[in-house]
1. Which order do TRP88, TRP140, TRP71 fall in if you start with the one that has the fewest other Cβ atoms within 10 Å?
2. Using a Förster distance of 25 Å, how high is the FRET efficiency between ARG87 and GLU132, based on the Cβ-Cβ distance and rounded to 0.05?
3. Arrange the following residues from fewest to most other Cβ atoms within 10 Å of their Cβ: HIS45, HIS170.
4. Hey, which aspartates and glutamates would be in cross-link range of LYS80, C-alpha to C-alpha under 17 Å, not counting anything within fewer than 8 residues on its own chain?
5. What is the order of MET191, MET75, MET180, fewest Cβ neighbours within 10 Å to most?
6. For GLY187, what residues show an amide H to amide H distance below 5 Å, using hydrogens built from the backbone and excluding near sequence neighbours?
7. Residues with beta-carbon under 15 Å from that of GLN100, excluding GLN100: net charge, scoring Lys, Arg +1 and Asp, Glu -1?
8. For the residue pair ASN139 and HIS45, what label-to-label distance in nm results when each label sits 7 Å from Cα along the Cα-to-beta-carbon direction?
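Derivation of every value follows stated rules applied to the coordinates shown; laboratory data play no part. These numbers come from a predicted model, not from an experiment. Using ideal geometry, Cβ is built from the backbone for each residue, glycine included, and neighbour counts are taken over all protein chains shown.
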Amino acid sequence: MTLRITAAQYQELMARRRGGQAAQPAAAAQPKKRAPKKQAQKKTHPGLPSVPEPPDLEPLLRGLVGVGRTWTILMPYAEKLLNSNQRWNHWRPKYELTQQLRAHATQMIAVHRLPRLQRAAVYNVLHPRPIERQRDPGNWAETAKAYVDGLVTPNPHLPTERHLLPDDDHTHLLGPFPVMGPPVTTGYARMSLVIVELLEPPTSGNAETVTGIPTSTYRT
């Protein structure tokens with residue numbers, strides 16, 4: 001008759017023959033614990049929109065020749081503005097935001113009862129969030145362009161809509177020039193537009209004083 005024993009019994013028997021203690025069964029390998037996933041830090045909402053202090057016009061007007069009337073317009077609040085540091089996965093969100101910003105600027109014509117001008121200089125004033133870091137207001141140039149397009153470029157779908165200038169070429173528009181303004185206290189960054197009526201063509205004098213270029217690029 002054949003005697004059958006299990007593997008564990010065989011190991012115990014061999015241990016006894018060697019005079020040792022019974023071999024302990026090997027402990028089962030513990031499954032590796034996965035490292036907990038790092039939770040992405042949620043961005044703290046900066047709070048409700050706030051109204052920043054208006055920009056100082058004196059240093060802006062100092063660089064212009066033939067200045068007429070001026071308007072400082074705080075643009076409608078938007079949680080997103082176009083910034084050159086943004087990365088877009090698709091063209092549509094950027095397109096929709098651009099159209100929204102253009103519409104905001106067009107609305108301001110009626111809200112502030114802006115007259116139709118022949119020539120103007122425009123400054124786009126950034127009101128940043130109160131965060132201690134360096135900022136370049138020129139990074140918001142696409143936002144400024146969308147605003148200026150809303151003020152100036154005629155809308156083919158609304159032929160009777162009033163616009164600020166006949167065109168946005170160099171004979172009618174100087175700028176827009178980026179300027180850093182007072183920060184907001186809460187909420188996301190905002191932008192003001194300073195519109196300056198020019199009583200003289202934006203040629204040699206204005207171009208040289210604003211851009212600092214000795215030989216003006218605006219001369220014809």
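1. Ascending number of Cβ neighbours within 10 Å: TRP88, TRP71, TRP140.
2. 0.55
3. Values: HIS45 10, HIS170 15.
Ascending Cβ contact count within 10 Å gives the list HIS45, HIS170.
4. GLU96, ASP136, GLU142
5. Final ranking by Cβ density, sparse to dense: MET180, MET75, MET191.
6. GLY47, LEU48
7. Within the 15 Å Cβ shell, the charges total +2.
8. 2.4
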